[in-house]
Amino acid sequence: MSLEELRDLIIVIWGILGIVFLAVAIVLGIVVGISARGLIGTVQSLLRDDVQPAVRSARQTVDSIRGTTSFVADTAVAPVIRLYGIVSGIRRFLSVLTGFGKRRGR
């Protein structure tokens, strides 16, 4: 076998291997694409079936907490503030009436 024939044989083998590797890469790409599409479908169904009800429940809980804080503010905090305002007004009235609240000049 001469050097030219060996060179031609290596070129042919290299070409055949290139075609085989290209075919394997194409098949592998198709398999990965199909797998990714299936995975995306699974994730979408998981989000639709499992995550959305949890988010809906969390929203209902937040709305319930808002209602509770509004109720507490109306029934507990507002009367305390009103009572404090009345007491403060009475103290000011008494200090003006008795003169104890005034600062005396030098």
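So Gly29 clears everything in (1) under 29 Å from the mean Cα position of the chain (by Cα); (2) surrounded by 10 or more Cβ atoms within 10 Å (Cβ to Cβ); (3) not β-branched (Val, Ile, Thr) except one condition, right? Which one?
Looking at each condition in turn, Gly29 falls short on (1).
Consider Val72 carefully, then state whether it is at pLDDT below 90, aliphatic (A, V, I, L, M), surrounded by fewer than 10 Cβ atoms within 10 Å (Cβ to Cβ) and out of contact with any Ser or Thr (no Cβ under 7 Å at 6 or more places or on another chain).
no
If the requirement is being of a type in the set (Gly, Ala, Ser) and either exposed (fewer than 10 other Cβ atoms within 10 Å of the Cβ) or touching a His at 6+ places or on another chain (Cβ under 7 Å) (or both), which of these qualifies: Gly85, Gly99?
Gly99
Return the only residue of Ala54, Ala36, Ala23 being surrounded by 10 or more Cβ atoms within 10 Å (Cβ to Cβ) and under 25 Å from the mean Cα position of the chain (by Cα).
Ala36
The values are calculated or read from the model by the stated rules, or taken from the named source; none is laboratory data. Model, not experiment: these values are computed from the prediction. Cβ coordinates were reconstructed from backbone atoms using ideal geometry, including for glycine residues, and neighbour counts include every protein chain displayed.
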